Structures are given as C-alpha cells and as structure tokens.
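Single-structure report; data block below.
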Amino acid sequence: MTPPARAPSPVTETFFARVAVNIPTLSGVFDYHLPENLLGRVGAGHLVTVPFGKQTVQGVVLELTATPAVAETRPVLDLLDPLPALTAAQIALARWMADYFLAPLAAVIDLMLPAGLSQQADVLYRTADSGPQTVNHGLPSTVHGQIANRLLELLKTRGPLRGRQIDRHFSRVDWRKTAEALARRGVLTRQSVLPPPSVRPKFVRTAQLAVPPAEAEAALSDLGKTEATRARRQAALRFLIEEPQAVNVSWVYAASGCTLADLQELAERGLIVLRETEIWRDPLAKIEPGGPEETPPDLTADQQKAWEAIEAAFASPVASQPFLLHGVTGSGKTELYLRAAAEAARRGKQALILVPEIAITPQMVRRFLARFPGQVGLVHSRLSDGERYDTWRRARLGLLQVVIGPRSALFTPLPNPGLIVLDECHDSSYYQAEPPFYHAETAARQYARLCGAVCILGSATPSVVQRYQAESGASLRLALPRRIVQPNLPPVEVVDMRAELKSGHRAIFSRVLIENLARVLDSGQQAILFLNRRGAATYVFCRECGHVLKCPNCDTPLTYHIESPASRSGQAEEARPATSDLRCHRCNYRRRMPQTCPACGSRQIRAYGLGSEKVESEVQALFPSARTLRWDWETTRQKDAHEIILSHFAAGRADILIGTQMLAKGLDLPRVTLVGVVLAEVGLHLPDPFAAERTFNLLTQVAGRAGRSALGGRVILQTFQPDHYVIQAASAHDVDGFYARELEERRRLGYPPFARLVRLEYRALDAAKAEAEARRTAEKIAAWLTAEARRETTLIGPAPCFFAKTAGWHRWQIILRGPDPASLLRGRELPGWRVEVEPISLL
C-alpha cells in the first residue's frame, strides 16, 4: 500500500522502511525510503515521522525491505529515538493481535507506546479575523449556525486550538462539519500539526566534591569576604565532604542554607563539580519492601508438585503450554509466582506479573520488592506520564527484572521475557472494553509463545472457558486445593432476607450479621462489608406515579450520593455540612435531588436501594465507635488512593472496610475474620449469558478474604434468593459443582466454550439512524453468511443494547455465534462499527 500523496521524485536508495503510521483507524502499512542521513540508523521497531498526504505523522518501522510494494515512495523524515520503541516480539504480537481481534494495526501498536511519547497528527484551527468584532460567518441561524457562533467565540477567547482540544468543549456535537464550512468561507484557517512528544528524560543539577577531602578541608578558611558568605559556603562544602556521591543541589541548599551562586563559586575554585544528571522517576522509590522474609519459605506438598511442573517448563527447549494454576484463596499462588520470577532471572530473562486492578498492586509489589530489591517496575494508568515513560525506558534497557501492573503492563518492552503471569486470570478487567478491543489473557498466551516464555494463569475461580481449555489440553491445570495457614475455607452462612422481613426486622443488616460485627469489634479484629454497588442508593423514584429519574444522556437510573465533610478538603469540618446529588456512573452527569417529581409534581420522591455510602452510614449508626473506611470508585479517584486506604486498613487503623468489587481482587488481610455480603444476588439476572459466572466468581472471591490467618473467620451472605444455584454453590465453596452445571448450560445454549462470539455495536446520536444502520448491516452480514454457506454460524439481532443509550449515543448490536465468526469479517470493511472478538459481556 502507498500513502495518499503526490508522486515524488524517483528513488535510488536501496533500503526502504515498512511503516505502520499512527492513525488509529488505519490497518495497512506503507513503504517509505530511507534518506542517506538515516541509512544504518533506522531499523525495525524505531519510532519515526513520515509524510502522509498533507500531514506529518508518527509511525513505527515494522521491517526494512529492499523491494518496496510500490514504484514511488516518499522519505522517512526523522528518527525520534535512537533506540527501538518496540522489540521484534512486540511487533509480531501487534500484527497477530490486529488480525485476531480485527483491530487496526496502528491502534494496537499505540497500546505499546507510553503516554506522551505517542502522538497523533491534529489540525490547528484559528480565526482568520484577528479583530474583536463578531465574524459574519454566513451560516443560517439553525443548529449549524449556533455551533459556528460557539466555535468562533471559543477561538476568539482561547486563541488557536487543536481539534482534540476543541472536542472537550463540544460533547456529543459534530462541530467539525461546521468548521469545514467556516473554512470554505474563509472565516477559519486550518493547519496540520504533529505535537512533539510531551515526555522527555528528567535532569537535575547535582554537586559533587572534585578534590580529596583533605584538600577541601584546607580550603574551608578562605571561602568569602563576609562572615555570612563564608558560613554558607563552609556548610555546603562540609556537607559534600561527607557525601562522596553526586547530590541533588536542592539537598545541599536544605542542609547548608547556601545558594546556587555559592555553589558556582565553589565550582570556580575547582573544589566541586556542578553538572546536569538524569534521574529516574520511579513510583516505587518511596515504597518499603514488605510481605514475607526474603528467604523463600518451604513449600507445601501441593505447592511442591505444582512447582516441579513449572520448573521443568523453564528447562524445556520449546515453549510449554500455559499453566492454569487453580488454587483456592490463600493457597500460596503468589509464592509460586515469586519462584518462577527468580528462575527466569537465573536464566537471564525477565518477568511480567499482571494483576487485575491497580488496587492490589501495592501488596504484590511489596512481595516482589522483598525478593528483587531495586529490580521491580510498576506500570499503570494512575502514574504520571513521566513515571510511565521512565519505567518504560528502564525496562527497554534491561534494568528491571520484574514489571508489575494491570493489562497494559503486558506491553512493556522487556528485552527477553521468560515469564508471564496473570494473577486472578478470570477477572473481567483483563478485557479492554474500548477500542482497540482485546483480551489480555489471549494476548499473553500468544506473547508467551512468541517469546518462548512460561505462562501462568492463576485463579481460585478460573472462568468456564479457561477450565474447559485446561481439560481439553490447551493448557495444563495445576491444583492447590488447600490453604496454607487455615487448611479449611471459612464457613459461609446464607441469611434469607425474606425471613428477616417477615419477622419484622427491616434493617439492611440481618440480625446475625449485626451480632457478628459486634463480636469482631469486641475482639479487636476486622471485618469487610461487600456491596456490588456504589453511591448511597440505587435509584430515585416517585412513590406516587412510579417515575424513575434517569440520565438524559444514557437513559439509565441516576444514583443518589451523599458526600460527607471528611471526604472533602478546604474549610473546617464543622462548617462543612454533607452535600448530596444524583450521578450517572456511565457519563458522570450530575444534578440536584428534586423536591418534586418531574412527571407528576408529587413530593413523594424518594431514594431507593443500597450503596456503599448508605452501608457506611448504617454501620456508624449501629456502632458509633467503629472506625470505618470506604473503598469504592468515589474514594479511589486520586493518585495513590488505593495504597493509602489499603495500608491504613492493613495497619489496623480501621475496623470495618466497606466497598465494592475492588474488595474481591486477591487481597491478603490476615486480621479480617468476618466478611458480610450485603446483597448477594446483585447482577445475577442481567440478560447476559455470563451473568451467573460473574456473580459466582465475585461471591467466591470476596468470601476468600476471610479466615486467611490462624484467627479463622466466617462469611455471611444476605440474599432474597437463597435457593438459587449460584448462591448455593458459592456458599458451599463448590467450584466444581458450579462449573459442571454452567458448562452444561453453555452446551445447551451454544455459548463459549462450545462456540465463539463476535459482537458488533453501532452508535449514533440519532436513534433512527442507529436502528437503520443496524438493520442494513445485519442484512449485509446475512448475505455474506448465505454466500459462504456458513450454516453453523448464527446471526443474532439486530437489537438495541441492554444499555440502549450511553452518553447521548443510541446503541444497537449484532451478535455472530459459530466456530469462527471473526473469519467472516476479516478483510471486510464495516465503517462506524465497533467489533469485539470474544466479548466477555453482551450488555
């Protein structure tokens, strides 16, 4: 393929670069020739700039070739980094992912570049008229004209802006068509721009002694004309005499009270050296290693058996099948990860340790820092761009032995990965639910094959598909059926909340849960209260007419929130009353709680249901002296919030931890002896074939937080459906029984693992347009199925999505089910459609 461009002059160079340009919607690659100044400097994996049409864009070189695919090529313009940005294995993985997940190659490659380094071309807009008067844009006073007025006012107020900057001011508005019309009238000007990388190495000024200490000591008496000057310079020089290494000058200022001028004078005299020194922005620099002692503990018999299989895989000359490490909560899976990482290091290779959530990275990081001090890197989205960039560069240079993080950590450019671990491999957060869609587990399996690395998938509740693959020979199952400290899993008591209501007990906590909370508080232990919700109430409705308040953008019920003074900063707490509002958790729309019903005018408007804030207030009402912490989406939005909350609870600074799904993510809290699930059946009846599995996994995992020490523990599940097979299986810790029943149900319905799925979703601001496009595309796909005689592939739909409207966009979907439905779409264009291969939800 060749980029759209005017024909350039003939090329005489012998080397050409095949480049994936950074335009996310493009799947193809384009050939460019290397000018003389770049010959020998550019190779596979390098980040370059190239011309593309009238734009200059970034691109990654996939390979060099002596025979371009086209007769005329344009030149590579510049090399942005002397070292390759991608390894050969990463390039192979990107190509595989683009093909397997039907994703644009450029979008997949962008996953592998750190934020700030990867840049996309944009258009800079400015008004042609620089005067203060209103521009006559000539557009009619319709919506088109209103958008024009808003756009021109924005540009006059803010000055020239890039397209992506303007996007933030025009939510759900197609302002670009208006901008094109204004440009044709000469009211606006447009210019293609490529922003430079926004990240770069960080340098600090350092000072270091340049002479032997004795010579510096001899110079102390003659360092200035005034006593104050001499004192400052003497203090600075004495500090540097005691510090043999280069020191950040800010430390010298703090220790001695000196100024930069003082240090420059000492440098002029040849006593010290001032230089600019690069420093690494390391988010782990302040974290103290924790967890077990650095010496590995003895393994249990179950662990030893599993370890022997893993250790043998490292010695195998060919890549082994992935291991499914199926171990109950507290069975010692992490210890096997640590040993595997040490074995990879012994063989000169590195380890990637993936965790499902940022929430559990602090515990995992401390365990690995204890074994690999100074050799662990952390990658996740809450870090600053500079921290992520420096971790990426350290990994690329081979300075890190272990990299830990959520799914994005899989794309860290380690030189020679020897181990890839997915802890809690069943977790839905390993699936990226926004373009480009991909599942990190599937990608990790392929990456391990490409690198010849050992791959370990660990979970107490592997998915039905993962366990079926192990039983079918696609992976090797290693069992850890017993806990290390407490061999038996905690007993689970199911409380029928219907019986509680019949007996006149209408509180959100059952009597048995209240009694057990009191016992835990009296004994100085800790409890977890789990709720699969957030906010103070599930929805707000009118008791008079039944009207439910919904988000105008998403058509989903608004959630009632109460913000306590302790969760905000600023004025004194006693002067800050609690505030409340209604929020949409899909688009963040907010409004005040109305006094009357918008539909009928009644004042019988009430908040109904439960949320984590409501649970916390009820706990505080029942146990005023109890120290509570909330761990949910609202309380963890700030950087390092996960670690702060977890460290406070682990240190015993709170008695009861109240939270949502984050609490089910593999946390190890030995002092927790009680877990209470406030409403166990939430999410069980969603119209999704994976709803039962999600609920079972969640309940089993959160129950596993109790009884992980010699203190023992118990679990209380409150439910209005105590006889449901999911509740029964979770309460009995019956993973095998649930798997057998769910597998048979999937077989009957024809869902994974007995078929593969592809989900296609179309979004439009206009409801009629979304429906029309969905029906038109369904007819087209049906014709493809007929033409290729794919009788085993079923087309389901089109139909509105369960959440039919999100952030103002109307959503319709089509499901393809069959042996290989993705192959039907490969090579076919479906503009505007979001295509998910092997989705984890059909909502």
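The values are calculated or read from the model by the stated rules, or taken from the named source; none is laboratory data. Just so you know, these numbers come straight off a predicted model, no measurement behind them. No Cβ is skipped: glycine too gets one built from the backbone with ideal geometry, and neighbour counts run over all protein chains shown. Side chains included, ligands, DNA and RNA excluded: accessible areas come from the protein's heavy atoms. Shrake-Rupley method; radii C 1.70, N 1.55, O 1.52, S 1.80 Å.
Data table
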item	result
Any hit, the stretch 198-221, residues being among the charged types (D, E, K, R) and modelled with pLDDT under 90	no
Where a residue in the stretch 617-630 is more than 15 Å from Val672 (Cα to Cα) and of a type in the set (Phe, Trp, Tyr) and its partner, wherever it lies, is assigned to a helix (DSSP H, G or I) and open to solvent by less than 50 Å² (accessible area, probe 1.4 Å), with Cβ under 8 Å and at least six apart	Phe623/Leu517; Phe623/Ala518; Phe623/Leu521
Failed criterion for Gln525 (all others in (1) within 29 Å of Phe649 (Cβ to Cβ); (2) at pLDDT 95 or above; (3) open to solvent by 30 Å² or more (accessible area, probe 1.4 Å) hold)	(2)
Qualifying residues in the stretch 1-27 (those that are open to solvent by less than 20 Å² (accessible area, probe 1.4 Å) and either part of a strand (DSSP E or B) or modelled with pLDDT of 80 or more (or both)) - the one farthest from Ala92 (Cα to Cα)	Phe16
Scan of the stretch 414-428 for residues that are open to solvent by less than 20 Å² (accessible area, probe 1.4 Å) and either touching a Pro at 6+ places or on another chain (Cβ under 8 Å) or of a type in the set (Asp, Glu) (or both), ordered by number	Asp423, Glu424, Cys425, Asp427
Hits in the stretch 616-654 (condition: open to solvent by less than 50 Å² (accessible area, probe 1.4 Å), in a loop (DSSP other than H, G, I, E, B) and either in contact with a strand residue (DSSP E or B) (Cβ under 6 Å, 6 or more places away or on another chain) or on the phi > 0 side of the Ramachandran plot (or both))	Ala626, Asp632, Gly652, Ala654
Residue identified as in contact with a helix residue (DSSP H, G or I) (Cβ under 7 Å, 6 or more places away or on another chain), among the polar types (S, T, N, Q) and more than 21 Å from Ser709 (Cβ to Cβ) among Ser316, Ser320	Ser320
Count - residues of the stretch 294-312 that are more than 32 Å from the chain's Cα centre (by Cα) and under 15 Å from Gly458 (Cα atoms)	1
Within the stretch 728-785, tally of residues that are under 18 Å from Ile840 (Cα atoms), open to solvent by 60 Å² or more (accessible area, probe 1.4 Å) and either in a helix (DSSP H, G or I) or among the aliphatic types (A, V, I, L, M) (or both)	3
Failed item, numbered, when Phe803 is tested on (1) farther than 30 Å from Gly827 by Cα; (2) at pLDDT below 95	(1)
Qualifying position, being open to solvent by 30 Å² or more (accessible area, probe 1.4 Å) and over 22 Å from Thr461 (Cβ atoms), among Arg396, Arg407	Arg396
Subset of the stretch 443-483 that is in a loop (DSSP other than H, G, I, E, B) and touching a helix residue (DSSP H, G or I) at 6+ places or on another chain (Cβ under 8 Å) - its residue that is surrounded by the fewest Cβ atoms within 10 Å (Cβ to Cβ)	Pro481
Lone qualifier among Glu773, Glu788, Glu779 - being of a type in the set (Asp, Glu), at pLDDT 95 or above, more than 32 Å from the chain's Cα centre (by Cα) and over 24 Å from Met97 (Cβ atoms)	Glu779
Cross-chain or 6+ apart pairs with Cβ under 6 Å, the stretch 178-204 first and under 30 Å from Ile147 (Cα atoms) and in contact (Cβ under 8 Å) with a residue 60 or more places away in the chain, then open to solvent by 20 Å² or more (accessible area, probe 1.4 Å) and in a helix (DSSP H, G or I)	Arg190/Ala183
Looking only at the stretch 342-363, and only at residues there that are of a type in the set (Val, Ile, Thr), open to solvent by less than 10 Å² (accessible area, probe 1.4 Å) and in a helix (DSSP H, G or I), the one that is nearest to Ala409 (Cα to Cα)	Thr361
Criterion (free of Cβ contacts under 8 Å to residues at least 12 places away in the same chain and hydrophobic (A, V, I, L, M, F, W, C)) met by exactly one of Ala651, Ala703, Ala710, Ala680	Ala651
Options Arg382, Arg366; residue that is assigned to a loop (DSSP other than H, G, I, E, B) and either within 30 Å of Ala703 (Cα to Cα) or aromatic (Phe, Trp, Tyr) (or both)	Arg382
Within the stretch 501-519, tally of residues that are within 40 Å of the chain's Cα centre (by Cα) and either part of a helix (DSSP H, G or I) or in contact (Cβ under 8 Å) with a residue 40 or more places away in the chain (or both)	13
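Yes/no per residue for (1) at pLDDT 95 or above; (2) assigned to a loop (DSSP other than H, G, I, E, B); (3) within 23 Å of Pro415 (Cα to Cα):
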{"residue": "Asn37", "(1), (2), (3)": "no, no, no"}
{"residue": "Gly45", "(1), (2), (3)": "yes, yes, yes"}
{"residue": "Gly59", "(1), (2), (3)": "yes, no, yes"}
{"residue": "Glu63", "(1), (2), (3)": "yes, no, yes"}
{"residue": "Ala69", "(1), (2), (3)": "no, yes, no"}
{"residue": "Glu72", "(1), (2), (3)": "no, yes, no"}
{"residue": "Ala89", "(1), (2), (3)": "yes, no, yes"}
{"residue": "Leu93", "(1), (2), (3)": "yes, no, yes"}
{"residue": "Trp96", "(1), (2), (3)": "yes, no, yes"}
